[in-house]
Amino acid sequence: MAQTLEALSRRMTSMQDIRSIVHTMKTLSAINSAPYEHAASAIAAYHETVLLGLHAFLSQVGPLDVGRPVNGTKFFIVFGSDHGLCGNYNEALAAHLTQHMAGGSEGSAILCVGAQMTDALSDLGVTPKTTVFPPASVDGIGRLANQLTQQLAEIQNSLGSGDMAVSLAYVTRDGPVGQRPVVTDLLPLDPGLVRNLQKKPWSSRSLPSFSMPPSDVFQALVRGHLFASIFHAAAEALVTENAARLAQMQQAEKSVDDRLESLGSEMRSVRQSEITTELLDVIIGFEALKKKHHNTARQPKDAHSGEPGQT
């Protein structure tokens, strides 16, 4: 059914408003990514300092036994998105995590970041143990990392054992424009990491020393490692979330532009049809008036030509 020019004009105005909103969301996604990228880079430098402290500790206390099998509950910290407009971000991460857990993670507990991530896991038959709010800004990443680190410490104290397994599940960058979900082990400490630090010689002429008990120093270093790793995962998740939203908004903007072009073409066609119809009406009216004027002009002449015949 053909639409009127007024209806098409209203649809064009609505699509232009939608495009303005999409363009704004795209711009915000591009702007928001930069602070989170800087936060991820900054925490990486802090993490290097923590690992340097662990290196100094190992150079003094000797070999450290890590990587023992954990028979208790394994905890997963999952970083989702609550802001929306980023496609299947939560669903893809939830599917990847459930596949990972199906490979031998029975008796696992999940600490979920984001209510929408909780819903995505629940749809797959996995119920998180705890759900916390994701950070709304860069300043909130430190709050979230502290909160999760404290929760892990409380869980470890409640277990009454120093042996606890923790893994992080989040979406990370994969190449210049790609991204992929990953699950990385956090605790126990990676045996390869500890082994490399133990083998690496201490390069400074000043030997490291500490006045605290070795167990307290080690726990403080582990807490710093936990905090830095959780902070980095949260920052990385926010970077990829905004990147996913940016890609979605770019696709939406292209779709809206295509629709605007289609509506513009349809409006031009309808306008041309209306103009043609009006011109035809004018021409038909002019021809009708011309014919009427011609007939009117001929009637007196015919009457005058008939008078001689009557006499």
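On the given criteria, is VAL132 of a type in the set (A, V, I, L, M, F, W, C) and in contact (Cβ under 8 Å) with a residue 24 or more places away in the chain?
On the way: of a type in the set (A, V, I, L, M, F, W, C): yes; in contact (Cβ under 8 Å) with a residue 24 or more places away in the chain: no.
Considered against the rule, which asks whether it is of a type in the set (A, V, I, L, M, F, W, C) and in contact (Cβ under 8 Å) with a residue 24 or more places away in the chain, VAL132 comes out as no.
Taking the condition of being open to solvent by less than 60 Å² (accessible area, probe 1.4 Å) and within 30 Å of SER137 (Cα to Cα), how many residues in region 237-285 meet it?
Residues flagged as open to solvent by less than 60 Å² (accessible area, probe 1.4 Å) and within 30 Å of SER137 (Cα to Cα) within region 237-285 amount to 15.
Here is a yes/no grid of residues against (1) among the β-branched types (Val, Ile, Thr); (2) at pLDDT 90 or above; (3) not in a helix (DSSP H, G or I):
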{"residue": "MET249", "(1), (2), (3)": "no, yes, no"}
{"residue": "GLU253", "(1), (2), (3)": "no, yes, no"}
{"residue": "VAL270", "(1), (2), (3)": "yes, no, no"}
{"residue": "GLU274", "(1), (2), (3)": "no, no, no"}
{"residue": "PHE286", "(1), (2), (3)": "no, no, no"}
{"residue": "HIS294", "(1), (2), (3)": "no, no, no"}
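Being free of Cβ contacts under 8 Å to residues at least 60 places away in the same chain and of a type in the set (Ser, Thr, Tyr), is that true of even one residue in region 142-161?
First, the residues of region 142-161 that are free of Cβ contacts under 8 Å to residues at least 60 places away in the same chain: 143, 147, 150-151, 154, 156-158, 160.
The next check asks that each one be of a type in the set (Ser, Thr, Tyr); those that pass are 158.
The answer is yes; a qualifying residue exists.
Restricting region 106-119 to residues that are at negative phi and either open to solvent by 20 Å² or more (accessible area, probe 1.4 Å) or in a helix (DSSP H, G or I) (or both), which is modelled with the lowest pLDDT?
Ranking the qualifying residues of region 106-119, first place goes to GLU106.
Of all residues in region 199-224, which are closer than 23 Å to ILE43 by Cβ, open to solvent by 50 Å² or more (accessible area, probe 1.4 Å) and without any contact (Cβ under 8 Å) to a residue 24 or more places away in the chain?
Passing the criteria: only GLN219.
Go through (1) at pLDDT 90 or above; (2) within 20 Å of the chain's Cα centre (by Cα); (3) over 21 Å from PRO181 (Cβ atoms); (4) surrounded by fewer than 16 Cβ atoms within 10 Å (Cβ to Cβ) and name the single condition ALA45 misses.
(2)
In the list SER14, SER20, SER9, which residue meets the criterion of being modelled with pLDDT under 90 and part of a helix (DSSP H, G or I)? It would help to see each step written out before you state the result.
Values: SER14 fails: modelled with pLDDT under 90; SER20 fails: modelled with pLDDT under 90.
Among SER14, SER20, SER9, only SER9 is modelled with pLDDT under 90 and part of a helix (DSSP H, G or I).
Are there any pairs with C-beta distances below 8 angstrom linking a residue in region 81-98 that is closer than 21 Å to ALA136 by Cα and charged (D, E, K, R) to a residue that is open to solvent by less than 10 Å² (accessible area, probe 1.4 Å) and assigned to a loop (DSSP other than H, G, I, E, B), with the two at least 6 apart or on different chains, and if so which?
ASP82/GLY114
Criterion first (surrounded by 14 or more Cβ atoms within 10 Å (Cβ to Cβ) and either at pLDDT below 90 or among the hydrophobic types (A, V, I, L, M, F, W, C) (or both)) does LEU52 satisfy it? Step through it out loud before you land on a result.
Details: surrounded by 14 or more Cβ atoms within 10 Å (Cβ to Cβ): no; either at pLDDT below 90 or among the hydrophobic types (A, V, I, L, M, F, W, C) (or both): yes.
Taking the combined requirement at face value, the residue does not satisfy it.
Kindly provide the set of residues from region 100-153 that are within 17 Å of LEU238 (Cα to Cα) and basic (Lys, Arg), ordered by number.
Scanning region 100-153 gives a single hit, ARG143.
The values are calculated or read from the model by the stated rules, or taken from the named source; none is laboratory data. Because the structure is a prediction, the values reported are computed rather than measured. No Cβ is skipped: glycine too gets one built from the backbone with ideal geometry, and neighbour counts run over all protein chains shown. These area figures cover heavy atoms from the full protein model, side chains too; ligands, DNA and RNA do not enter into them. Shrake-Rupley method; radii C 1.70, N 1.55, O 1.52, S 1.80 Å.
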